[in-house]
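Some notes on the structure that comes next.
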Amino acid sequence: MANNNAGPRPPLEENFQQNLFIDYCITNPQNIVVLPPDCHINNIENDNQLNKITVDVVKANSPSFCYMRINHISPIDLSHHCPGWGCVYFGVILPKVQDGVFQMQNPDKAQKVAIKRLSRSIVNEYLNRGGNENPYKEIQRMQTIGDNHHVLGIYEALQDEQFLYIITKYCEGNLVPWIFQRRDHIHEKFGGFAAVYQNILENVEYLHRNGICHRDLSPDNCMVLNRRIVFNDLAMSFRIPPGGITSRTGGFFGKTAYLPPEIVSGFHYFEASVCDLWSSVVILFNLLTGEIAWETSLPTDRRFRYLVLAGGLSRIPVNERTVEMLADEPVTSDLRSLAEICMNLNPAVADLLEGVLKLDPNQRWKTDQVKNCLWLEAFRQLG
């Protein structure tokens, strides 16, 4: 629990350029030899035995491996961040055999990677205008706390004259399809909803132990890696100031569906750990129901009014306020459908949802209360 007596303070200052490790690279190099799998270079008698492989990118000095692009997996466009921002494409690692010589791996041993390629000029222009999403911050986080268990780690950060390359392990996508298309398979994949949330909560605690607030936690940033959830995209994260009460800096940024009301409404300070905990419980609601909780966490949003202000998330979802809200709703309305789902929630998990998702930050459960709630305690005893 934060020491509120410390008073609001801005996020701790950081010098990302000073603490980064970014090497220069060569793209589409022409002087690299790629050996077939299980082939020794001394057994090559002529160039016809070599695979005509195009290497995509390799570190300019003393590389330990290079990367070959996988063309049959479509890249992901990132223009929603900013026009021309970049893309994510996918590749495999080719380990080094000797200087200038690398080797393909058999399909069962090949290590896939994700390569985020960003336009340096667009990124720098965006940051010079005061943009909040900082890829250099993202790299620094992955290089310092990325362990591929709580936070996605990084193989290398590379750059050439045009692009910045952030190379990470290949993940099986994020939580979004598990919420909206594959909920019936969550138990066989992860061990159930409580297991997924326990994992997410562990990740939140890991960040906070390292003094970091994610600030942009959502299903998009929860990646599936080795049957675990790891956090990704810490480009909006910040270092938590002493006491944890963080003064607002700059304009609004982030996802209104996952940030707590005090941030969305523009209140001049907020508690950093509470911000991430709120986001984690909204994600839990998504997992349990297959529904978006609300578009904006404010009383102007009718779903927020129903779930939070009227008590639709409580152990007693049928009460005077919820009945009044539903009275004028058509039989087929989305709010009635949402109400029916909430009525079938496990009472113990309803306690957790209601405990954290309150309008007043001072009334919300803290992390220890969430960890020790009946729902998670029952999961741990059964596990």
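For residue 59, go through the aspartates and glutamates and keep the ones whose alpha-carbon is under 17 Å away, minus same-chain ones fewer than eight residues off.
23, 99, 156, 160, 161
Cα-Cα over 26 Å: which of 169/371; 189/358; 137/255; 255/366; 109/189; 116/371?
Cα-Cα > 26 Å for 169/371; 189/358; 116/371; rest within.
Applying a 10 Å radius around every beta-carbon, put 15-24, 221-230, 262-271 in order of their mean neighbour count, most first.
Packing order, densest peptide first, comes out as 221-230, 262-271, 15-24.
Per residue of the chain, what 222 nm ellipticity follows from adding -39500 (n - 2.57) for every DSSP H run with n ≥ 4, rounded to the nearest 500?
Counting only the DSSP helices, I get -8500 deg cm²/dmol.
What does the charge count around residue 295 come to, taking other residues whose C-beta lies under 11 Å from its C-beta (Lys +1, Arg +1, Asp -1, Glu -1)?
Net charge in that neighbourhood comes out at +2.
Net charge near residue 25, counting Lys/Arg +1 and Asp/Glu -1 over other residues with Cβ under 9 Å of its Cβ?
-2
Among 57, 344, 20, which residue has its Cα positioned farthest towards the positive end of the charge dipole of the chain, with +1 placed on the Cβ of Lys and Arg, -1 on the Cβ of Asp and Glu, and the dipole taken about the Cα centre?
20
Count neighbours as other Cβ atoms within 10 Å of each site's Cβ, and list the trypsin sites (Lys or Arg not before Pro) in the range 322-383 that are DSSP loop with at most 15 such neighbours.
Sites meeting the loop and neighbour criteria: 366.
Order the peptides 171-180, 116-125, 321-330, 281-290 from the highest to the lowest mean number of other Cβ atoms within 10 Å of their residues.
Result, highest mean first: 281-290, 116-125, 171-180, 321-330.
Let me spell out the model: positive unit charges on the Cβ of Lys and Arg, negative unit charges on the Cβ of Asp and Glu, origin at the Cα centre of the range 176-382. What dipole size does that give, in debye rounded to 20?
Value, rounded to 20: 500 debye.
Quick check: the angle from helix 135-145's long axis to the longest principal axis of the chain, C-alpha only, nearest 10 degrees?
On a 0 to 90 degree scale, this one is about 90.
Quick query: amide H of residue 238 versus all other amide H atoms, modeled in the peptide plane; which residues come in under 5 Å with a sequence gap of 5 or more or a different chain?
Hits under the 5 Å cutoff: 213.
Counting only other residues whose beta carbon sits under 15 Å from that of residue 7, what net charge do I get with K and R as +1, D and E as -1?
Once positives and negatives cancel, what remains is +1.
How big, on average over all directions, is the shadow cast by the Cα convex hull of the range 283-383, in nm²?
Over all viewing directions, the range 283-383 projects a mean Cα-hull area of 6.8 nm².
To check my understanding: the extent here is largest minus smallest coordinate of the Cα atoms along each principal axis. What are those three numbers for the chain, in Å, largest first?
Per principal axis, max minus min of the Cα coordinates gives 84, 44, 40 Å.
Roughly how tilted is helix 334-343, in degrees to the nearest 10 and between 0 and 90, from the longest Cα axis of the chain?
80
Return P(r) of the range 176-382 (all Cα-Cα pairs; 10 Å bins starting at 0; whole %; ordered from short to long distances).
In whole percents, the pair-distance histogram is 8, 35, 38, 17, 2, 0.
FYI, it's all coordinate maths here, none of it is from the lab. Only a predicted model underlies this, so the values are computations on that prediction, with no experimental measurement involved. Don't worry about glycine lacking a Cβ; one is built from the backbone with ideal geometry, like all the others, and counts go over all protein chains shown.
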